[in-house]
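Contents: one structure, followed by commentary.
The values are calculated or read from the model by the stated rules, or taken from the named source; none is laboratory data. As the structure is a computational prediction, the values presented were derived from the model and not from experiment. Cβ: placed from backbone, ideal geometry, glycine included. Neighbour counts: every protein chain shown. Heavy atoms of the whole protein, side chains included, go into the accessibility calculation; ligands, DNA and RNA do not. Shrake-Rupley method; radii C 1.70, N 1.55, O 1.52, S 1.80 Å.
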Amino acid sequence: MVLATSMTIPDILVFVTGALMILVGAAGVIVAKNPVHSALCLVLTLFGVAVLFIEQQADFLAAVQVIVYAGAVVVMFLFVIMFLGVDRTEDVHDEPLMGQRPLAIGLVLVLVGSIVALGSEAKWSGGSHSVVGINQGPYQNVANLGKAIFTTYLFAFEITSALLVIAVVGAVVLARRSMITNAPRTDSLGNPLGATTDFEGADR
Amino acid sequence: MSIPSSWYLILAALLFGIGALGVLIRRNVLIMFMCIELMLNAATLTFVTFSRTLNDIGGQADVFFILVVAAAEVVVGLGIVVAIFRRRSTADADEISSMEG
């Protein structure tokens with residue numbers, strides 16, 4: 001926090017721009033009636049977060065944020081929305097439960113208030129930190145991050161690969177239709193199960 | 001680089017709150033998923049802020065792993081949504097109620 005007193009006008013402009021992108025996009029996600037509009041507002045938020053990453057010298061993470069989130073995750077969301085055909089508008093005006101909205105807003109206000117209160121009370125910096133600074137020289141962010149991931153965090157990185165394999169296998173098992181049993185099957189009431197409604201892969 | 005980190009932390013708290021609000025009030029499963037992504041992004045923003053404040057690359061490494069977990073979560077979650085939609089033809093959380101007592 002040594003640098004906190006030396007704000008410059010460009011820094012403030014970049015921060016305000018990123019913050020506006022984030023907040024407007026997030027509000028759009030939960031207000032939009034059409035899921036496609038929600039997904040596009042999500043892109044706005046993700047780009048805003050990437051802007052703030054760059055402002056905080058996390059260059060590599062900003063690039064990954066744009067590539068993975070805006071490039072892959074949101075495209076997958078849009079693909080599923082179009083695939084399922086749920087891009088009709090939801091009526092956001094009728095409340096399914098009485099008092100759900102006011103209660104939710106109250107809870108969230110309490111949540112944010114307590115987070116901010118905790119943050120303002122806490123003594124943040126503690127312990128000896130560490131090993132590698134985020135920037136030990138010009139344009140060293142990627143090198144430092146790579147060094148940290150492949151030395152200090154090597155075990156977590158390897159576990160990550162197992163997680164990705166599990167996710168891929170799980171998605172395939174969930175999404176496929178069974179090709180093994182082609183004989184007509186019946187459910188517990190004796191009605192034949194149509195090919196469009198069963199997904200045996202998920203039962204196992 | 002010289003914005004006080006408290007600004008970023010308050011912004012991340014607001015983003016997390018908006019995401020939580022979306023999960024609580026929306027009924028479309030896909031939009032609830034997007035709100036979970038918003039909350040994850042609030043967490044990553046906090047990590048990067050502390051990484052800069054403490055001058056420690058570990059926070060950015062954590063964000064890297066959060067990104068991987070988020071991608072895996074979206075893959076499995078959307079697979080579940082597709083499977084439910086095939087069986088019930090709805091993406092509305094209130095109508096997926098067959099497990100209630």
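General remarks:
- Residue within the stretch B:41-50 that is within 7 Å of chain A (Cβ to nearest Cβ), out of contact with any Lys or Arg (no Cβ under 9 Å at 6 or more places or on another chain) and open to solvent by 10 Å² or more (accessible area, probe 1.4 Å) present: no
- Here B:Asn55 fits the description: at the interface with chain A (Cβ under 7 Å from one of its Cβ atoms), over 17 Å from A:Val74 (Cβ atoms), of a type in the set (S, T, N, Q) and without any contact (Cβ under 8 Å) to a residue 40 or more places away in the chain.
- Residue match in the stretch A:26-33 (condition: touching an Asp or Glu at 6+ places or on another chain (Cβ under 9 Å) and either open to solvent by 50 Å² or more (accessible area, probe 1.4 Å) or on the phi > 0 side of the Ramachandran plot (or both)): yes
- Selected residue [at pLDDT 90 or above, aliphatic (A, V, I, L, M) and surrounded by fewer than 13 Cβ atoms within 10 Å (Cβ to Cβ)] from A:Ala183, A:Ala162, A:Ala195, A:Ala156: A:Ala162
- Among the residues listed as B:Leu38, B:Leu30, B:Leu15, the single one being part of a helix (DSSP H, G or I), open to solvent by less than 10 Å² (accessible area, probe 1.4 Å) and under 25 Å from A:Arg177 (Cβ atoms): B:Leu30
- Selection of the stretch B:70-101 for residues being touching a residue at least 24 places away in the same chain (Cβ under 8 Å) and in a helix (DSSP H, G or I) yields B:Ala70, B:Glu73, B:Val74, B:Gly77, B:Leu78, B:Val81, B:Ile84, B:Ala93, B:Asp94.
- Some residue of the stretch A:95-116 being surrounded by 13 or more Cβ atoms within 10 Å (Cβ to Cβ), in a loop (DSSP other than H, G, I, E, B) and at pLDDT below 90: no
- Any hit, the stretch A:36-43, residues being open to solvent by 30 Å² or more (accessible area, probe 1.4 Å), more than 21 Å from B:Asn28 (Cβ to Cβ), more than 8 Å from chain B (Cβ to nearest Cβ) and of a type in the set (A, V, I, L, M, F, W, C): no
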